[in-house]
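Report on one structure; see the data block that follows.
The values are calculated or read from the model by the stated rules, or taken from the named source; none is laboratory data. All values derive from a computational prediction rather than experimental measurement. Here the Cβ positions follow ideal geometry from the backbone for every residue, glycine too, while neighbour counts run over all protein chains shown. Ligands, DNA and RNA are stripped out before the accessible areas are found, and what is left, the full protein with its side chains, is counted by its heavy atoms. Shrake-Rupley method; radii C 1.70, N 1.55, O 1.52, S 1.80 Å.
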Amino acid sequence: MAEIIGVRFKNGGKVYYFDPVGIQAEIGNQVIVETARGVECGEVAIANKTVAEEEVVAPLKPIIRLANQKDLETLEENKQKEKEAFQLCQERIEKHKLDMKLVDVEYTFDNNKILFYFTADGRVDFRDLVKDLAGVFRTRIELRQIGVRDESKMLGGLGICGRPFCCSSFLGDFQPVSIKMAKEQNLSLNPTKISGTCGRLMCCLKYEQNAYDALIKITPKNGAYVETPEGRGVVCDVNLLTGKLKVRMDDKPDAAPQTFHRDEVKALKGERPPKPEAKAPKQPKEPASGEQKELKDIKEKESGGRRGRRNRGGQKDSQKESPKEPKGEE
């Protein structure tokens, strides 16, 4: 077992473990620690506790001391310097006509480095900008490009639920979120409904996904062939949260589907519902004996009328074609 203290450097940021080296700190205390970027001041998020060796990435960096009044004054001075550096960097970006959006500026505790965070659609050649800023501040300059989710985490705000952003309040790392989660949770696939302020899928889609995964494993899917207390049928509607299934029964295909709980049905794997019987084509109705005689008379009259018309037409044609005999002279 190893004793650790958890320190967070930003609101809602990741918690890092440090070796307390005998220092007792309470949650909310400011401490000075040594990091890969140099000496930093952070807030205690986890008080002294022991954890398993497997949870610790050795070697742990030590805590230097609890922050004193002078350290807190230095923090306030750095915050004021960050505002001035932000305004100056904005002016330099416009001067160099760079297609980038400045998001945040951060001074290290010992003022050995200034970090400028920005977003951009593509890669940006900011070498001239770095030289310009280094000439003004006379210290190390680092420009770091971030994504839109990191931008929302840094700036904060209110989500569509009315609460502060999860990423800026308590989420340490971003969890992968996919459109499949929205489909399995039966949510609207309208982008405006399932996207956060950053334009990406909302992080909260991940919160209930484990529960939905467990329910999907024990609930027959839509279209599954199942055995129910009333007989066999096909599932036509599923409600994962309530466990209610609507089943269209084999013996009553034209009736309304019946509702059952998932505990009352059993999926029949490898079996298929019976095919509906093909209906025999309707045979034309034979006319009665009296109707047959009437039809026969009508057909004979029609055939006789057609023959008469043909004969009359032929006589007229023959009359037209026969040449007139010339009259003799008297």
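Heavy-atom accessible area for Cys89, with the other protein chains in place and a 1.4 Å probe, reaches approximately 0 Å².
A crude spin-label estimate for the pair Cys204 and Thr242, with each label 7 Å from Cα along the Cβ direction, gives 2.3 nm. Please work out the FRET efficiency for the pair Asn186 and Val57, using the Cβ-Cβ distance as r and a Förster radius of 45 Å; give the result to the nearest 0.05. In this case the efficiency is close to 0.65.
Packing around the peptides 249-258, 77-86, taken as the average count of other Cβ atoms within 10 Å per residue, puts them in this order, highest first: 77-86, 249-258.
For a 31 Å ceiling on Cα separation, which of these pairs sit above it: Lys193/Lys269; Lys83/Lys206; Lys193/Lys275; Lys14/Lys113? With Cα atoms farther than 31 Å apart: Lys193/Lys269; Lys83/Lys206; Lys193/Lys275. Here the calculated FRET efficiency for Val130 and Ala214, from their Cβ-Cβ distance with R0 = 45 Å, stands at 0.30, rounded to the nearest 0.05. Along each principal axis, taking the top coordinate minus the bottom one, the Cα set of the stretch 90-157 gives 33, 30, 18 Å in descending order. Counted residue by residue at 0.36 nm each, then reduced by the alpha carbon distance between them, the extension gain from Ile179 to Asn111 reaches 20.1 nm.
With one equal scatterer per alpha carbon and no solvent term, the Debye-computed log10 I(q)/I(0) for the stretch 1-112 at 0.13 1/Å reads -0.58.
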